[in-house]
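Rule-based calculations on the coordinates, nothing more; no lab input. Please read these numbers as outputs of a predicted model, since none were measured by experiment. So basically every Cβ, Gly included, is an ideal-geometry build from the backbone, and we count neighbours across all protein chains shown.
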Amino acid sequence: MPCDNPVIISPLDAPPGAVRFTRSRLADLGATIVVWLMAMLVTAVFVWLLADIVWHGAGQLSWQFLTEPSRNAGRAGGVGPILVSTGLILAVCLAVSLPLGLATAVLLAEFTAVDSVFGRLVRRSLDVLAGVPSIVFGLFGNAFFCVYLRMGFSILAGGLTLACMVLPILIRATEEGFRSAPQEYRLGAAALGMSRTSALLHLLLPAAVPGLVVGLVLGIGRALAETAALIFTSGYVDRMPGSLMDSGRSLSIHIYDLSMNVAGGNAHAYGSALVLILLLLVINAAASQMAERWLQRKLITV
Amino acid sequence: MSPWRSDALLVWLLRGCAALVGAIVVLILLFLVRESMPAFRHVGIGRFFTDASWHPLADGSQGEFNLTPMLVGSLVAMLGAVLLAAPLGVGSAVFCHYYAPRWIARAYRKMIELLAGIPSVVYGFWGLVVLVPLIASWHPHGPSLLAGILLLTIMILPTIALTIDAALANVPREYVSGAAALGMSRWGIIRGVVFPAAKSGVFTGILLGTGRAIGETMAVMMVCGNVVRMPDGIFAPMRTLTANIALEMAYAMGDHRSALFVSGLLLMVLVIALVAMAEMIGKEHIHQES
């Protein structure tokens, strides 16, 4: 560019390039402001939501609320049986998904070549499974577990439906755990003449525990939060379940039912929502703590 | 092969489990199709789009089976939410990486992770007791398309933000420091260097959010008003495909029930298309890198 004097002192006789420079500074400033505003907006909404639930829900929380059966369609009483049902659904879900998920993750991470057809097929079907809307899981669970396998509206059917749902999350995290195990473990075990089975059980599995725990937590979180898949599989009944074949209402369905179908149910819906959020928080915190401890133990045994 | 007998046993056991897991998707599709067959036979595909309205009866030859208003409702709500959440998600991720001081970035990321874990029914409840009355005080008819779009935006934002956040973390440091050494402004670096490098991650995040928005049921059902009609404005109450299933499944019989499975199948097809798109974008990215 034509510029006799390379040192610009006054902005008035600056060459065109310098003007562009200030314009880009302006864009830079604008972007900074917009990004900070966006972050503040998101934070504000988050605080608003959480404060609202805590503010209205904290008054409901008491030992009675957690243990008593619900009366008058949930307007009075507590959430005792509902917590039990939620726990049972979760237990069924994990009892099925944990072994299946672990086995699949081990196969994908340790015993399958990256380009094998079988591995690719399983992975792709897991990708699709992860995207299936929860209401479609509900339809499937209703048609397959409740009607076709004659389980009816039951905790068992609800838990099995949820197991299908959490498998992709569980498998992906566990697989990551196995991949993070150092390659020397495998080579060393092979050099010592260990069978791959015992190398897996004694070396790789302990090393992969953090990944497994992360997957477990994410899975539990998704299962606890689920509503749409459970309405037509585990059902609405809010009594104490007598067996796994009884219908049982999960905490999330309780919130939905109280807020939509029961006039004057909002107070207890707030209480239940707070209980649900607290449960999720506690599980999250406990799990990250556990993963940390196991991670350290892994380091010590090395 | 390995000389150990137990290894062969283990591998076959694992293969069995993996095959079972892989078969779940096939099983879901199979049962959706199986349950949809009566409706296809008695109603036919055409009538799902040409019938006068949605008044389903157990006998397919009598009721009206027009799914179009609900399909449009689902798509409009999804589109609105993605249009709002995508810039916010990109902004959030960029904020975490390039604008916020480290401790704010860490707290902000924790907060987004927490938001991602909040159950949809809690979002729906909050929308019902806070958002809907707020909209009603501004314009009559609280339960509306607008309430649904706003709530969906909040719900899919964490998904989009966290995926893009991970993509930005993968942008090589040398790109950014190189650009900074050339004297580019911060926004110039982000727009000219970071975004092109993280393009596929950004699209994947947005597609994931889209999938979540179209499949969301509870929150949308609780704030949208659930009137079956073509949404003719942002304040119009409307019903999505997912909400329709959840609302009517309890009492649906015969061809009506079957029609609900048809809408489930429709959702499934949409999701598979999204997954395929995401995969194609991922592949493109790999080719670019090699």
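Distance from the C-alpha centroid of the stretch B:115-157 to that of the stretch B:22-79: 27 Å, rounded to the whole angstrom. Here the Gaussian network model covers chain A, with springs between Cα atoms less than 10 Å apart; of A:Met151, A:Met245, A:Met38, A:Met38 fluctuates the most.
Note on A:Arg124 and B:Val26: their simple-model spin labels are 1.3 nm apart, each label 7 Å out from Cα toward Cβ. Computed from the Cβ-Cβ distance with R0 of 30 Å, the FRET efficiency linking B:Ala181 to B:Arg102 stands at 0.85.
For chain A, the mean residue ellipticity at 222 nm estimated from helices alone is -23500 deg cm²/dmol, where every DSSP H run of n ≥ 4 contributes -39500 (n - 2.57) and the total is divided by all residues, rounded to the nearest 500. Between the helical axis of A:117-131 and the longest alpha-carbon principal axis of chain A there is an angle of about 90 degrees.
By how many nm would the segment from A:Leu29 to A:Asn261 lengthen if fully extended, with 0.36 nm per residue of separation less the alpha-carbon distance?
Working: separation 232, 0.36 × 232 = 83.52 nm, distance 5.01 nm.
Separation in residues times 0.36 nm, less the Cα-Cα distance, equals 78.5 nm.
Springs between alpha-carbon atoms under 10 Å, Gaussian network over chain A: tell me which of A:Leu192, A:Leu126, A:Leu37 tops the mean-square fluctuations. Answer for the Gaussian network model of chain A: A:Leu37.
Annotation: amide H-H contacts under 5 Å for B:Leu57 (H modelled 1.01 Å from N, sequence separation of 5 or more, or interchain): B:Gly63, B:Glu64. What FRET efficiency would be calculated for the residue pair B:Leu114, A:Trp63, taking the C-beta separation as r and a Förster radius of 25 Å, to the nearest 0.05? For B:Leu114 and A:Trp63, the calculated efficiency is 0.45. Among B:Phe235, B:Pro196, B:Ala77, whose Cα lies farthest out toward the positive end of the dipole of chain B, if unit charges sit on the beta carbon of Lys, Arg (+1) and Asp, Glu (-1)? Positive-most Cα among the choices belongs to B:Pro196. Computed per residue of chain B from DSSP H runs no shorter than four, each worth -39500 (n - 2.57), the mean residue ellipticity at 222 nm is -23000 deg cm²/dmol. The angle separating the long axis of helix B:68-94 from the principal Cα axis of greatest extent in chain B is about 10 degrees. For chain A, modelled as a Gaussian network with Cα springs under 10 Å, which listed residue fluctuates most, A:Ala199, A:Ala91, A:Ala267? Checking each option, the largest mean-square fluctuation is seen for A:Ala199. With the cut-off at 1.5 for a/c, could you classify chain A from its C-alpha gyration tensor as rounded, prolate or oblate? It is oblate, given that a/c is not under 1.5 and a/b is not larger than b/c.
Computed from Cα atoms, the angle from the helix B:254-289 axis to the main principal axis of chain B rounds to 20 degrees. Backbone geometry of the stretch A:197-212 corresponds, through the Karplus equation with coefficients 6.51, -1.76 and 1.60 at θ = phi - 60°, to 3J(HN,Hα) couplings of 5, 6, 4, 5, 5, 9, 10, 6, 4, x, 5, 8, 4, x, x, 4 Hz, x marking Gly and Pro. Taking all Cα pairs closer than 8 Å and separated by 6 or more residues, the relative contact order of chain A comes to 25 percent.
Compute the Cα gyration tensor for chain B, then decide on rounded, prolate or oblate, letting a ≥ b ≥ c be the square roots of its eigenvalues: rounded whenever a/c is under 1.5, prolate when a/b is larger than b/c in the other cases, and oblate in all that remain. Judged from the Cα gyration tensor, chain B comes out oblate (a/c at least 1.5, b/c at or above a/b).
Once you have a ≥ b ≥ c as the square roots of the Cα gyration tensor eigenvalues for the stretch B:201-261, tell me rounded if a/c is under 1.5, and otherwise prolate or oblate according to whether a/b is larger than b/c. Note, shape of the stretch B:201-261 comes out oblate.
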